[in-house]
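The values are calculated or read from the model by the stated rules, or taken from the named source; none is laboratory data. Here the structure is a predicted model, which means the values were calculated and not measured. Here the Cβ positions follow ideal geometry from the backbone for every residue, glycine too, while neighbour counts run over all protein chains shown.
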Amino acid sequence: MNEYGNSGQFMREMQQIPVAPRQSVRAQVKPVNGDEPMNITSLADLQSYAAGTVVRFPDFAEGQPFVARVRRPSMLVLAKQGKIPNSLLSAASELFAKGGGGMDTDNVNMLSDMYGIMEVIAKSCLIEPTYDEIIGSGMELSDDQITAIFNYTQRGVKALESFRKEQEHSKRAGAS
């Protein structure tokens, strides 16, 4: 007899049931909105995406590169989670609706609101180093850096192409 008052026969029978290992079927499928067959995104892929992407942003100063592990947070999720203060929700929705392209220039608090939103985004975007670690080190993000981080979260690496071109131009100008 076991602790449950039976002979444990049921448990022995359960242990004998073969359990097939979970196999990931990686057959290609054709999405309804695409022309080429693709693999379904795996759990391992999702976990890899969640770990972030290493991106170079504008330097702190000449010879002081800024490379960080980042993710692309959703402004809608941040608003839902209450991470965007109510006082900034209107400005955030305006900025979001314009794809990061601008805000109401008649708003006297426009720059303060924009920075507040960009700071919330930067805090959610930066994985390593974190926003708080950067500030705690005595550094501040420059306007170019915080804008590049915001643009990256909205449009991905393509948003940083103009920054890359400026860096290359500066290097060539310094070399001549």
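Within region 54-81, being out of contact with any strand residue (DSSP E or B) (no Cβ under 6 Å at 6 or more places or on another chain), of a type outside the set (Lys, Arg) and farther than 14 Å from Tyr131 by Cβ holds for Pro58, Ala61, Glu62, Gly63, Gln64, Ser74, Met75, Leu76, Val77, Ala79, Gln81.
To keep it simple, each residue is scored yes or no on (1) at pLDDT 90 or above; (2) assigned to a loop (DSSP other than H, G, I, E, B); (3) surrounded by 10 or more Cβ atoms within 10 Å (Cβ to Cβ); (4) on the phi < 0 side of the Ramachandran plot.
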| site | (1), (2), (3), (4) |
| --- | --- |
| Tyr4 | no, yes, no, yes |
| Ser7 | no, yes, yes, yes |
| Arg12 | no, no, no, yes |
| Ile17 | no, yes, no, yes |
| Ala20 | no, yes, no, yes |
| Pro31 | no, yes, yes, yes |
| Asp35 | no, yes, no, yes |
| Ala44 | yes, no, no, yes |
| Ser48 | yes, no, yes, yes |
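Report those helices (runs of 4 or more DSSP H) wholly inside region 66-176 carrying at least 3 residues which are modelled with pLDDT under 80 and hydrophobic (A, V, I, L, M, F, W, C). Quick ask: steps written out before the conclusion?
On the way: elements: 75-80, 86-97, 110-125, 131-136, 143-155, 161-175.
Here the list reads 86-97, 161-175.
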